[in-house]
Amino acid sequence: MESCGEYRARRGGKSKAIPARARNANAAESEPILKPSSHILITAGPTHEPIDTVRYLANRSSGRMGLALAQAAREAGHRVTLLLGPVPVEPPPGIDVHRFETTADLERLLAFWFPTCDALIMAAAVADYRPVVRSPEKIPRREGRLVIELEATPDLVACCAAARKPHQRIVAFALEAPEMLPQAALEKLKRKRVDAIVANPLATIGSDTVAATLLTTRGPLSPPTGPAGPMDKRAFARWLIRWLAEQS
């Protein structure tokens, strides 16, 4: 597996680092990046990090947001590749789907598919930590404590951002408590060097609605939620895909 900045295009050509100034100069052009039938790569769902043969560390992500984005992008006429985690939901028809379970699985899929896409929407809820050692068999119950050592997982979004081509756009997601969300999302936008961050409050996870703000390098944007308050995830997905298609 390549390290950050070393993803290689599997379908022709060699990868090379793109200086930030080259990306910025490209972004200044007025022509929209996404055309009809552009290739949009979307990740969705949680990761499961095995502890032993039957137990794992996970989160409560339902994958609904990523699935809605895949559907919206398909309806907008784009070619969609969906990297989908372990969720009990069937993906929309007409979409190229590849399944992952662990962060390592998703890392391998991104290393293959990211060099081929025009835009990446990283909606998957990737684990921040995973067990250092996976037991090859079920750990038996014993009296007393069980201590599991964890290690940080790779920062997949940052890896993609470090290796992207001048035309590629990246949208990431941030999920935090409401009082921490604005600052945390802004820091993530700068640290990961992506084009936009969808800032989500914790109530979003597992819900059919979203009350998100889109933080971009040009400033924050709020979707038209209307008087009803939080926005249906499918409506938000259509709004985000339209916004992405308008970017230069």
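In order along the stretch 115-130, the Karplus-derived 3J(HN,Hα) couplings, from 6.51 cos²θ - 1.76 cosθ + 1.60 at θ = phi - 60°, round to x, 8, 9, 8, 8, 10, 10, 8, 8, 5, 9, 7, 4, 7, 9, 9 Hz, and Gly and Pro are given as x.
Footprinting exposure proxy ranking of Ile40, Ile51, fewest other C-beta atoms within 10 angstrom first, gives Ile51, Ile40. Amide H contacts for Asp155 (H built 1.01 Å from N in the peptide plane; partners 5 or more residues away or on another chain; cut-off under 5 Å): none found.
As a proxy for reagent exposure, ranking Val97, Val171 by other Cβ atoms within 10 Å from fewest up yields Val97, Val171.
Any read-out appearing in this document is the output of simple, stated calculations on the displayed coordinates, not a laboratory observation. The model shown is predicted, which means the values in this text are computed figures rather than measured ones. Cβ atoms come from the backbone with ideal geometry, glycine included; neighbour counts cover every protein chain shown.
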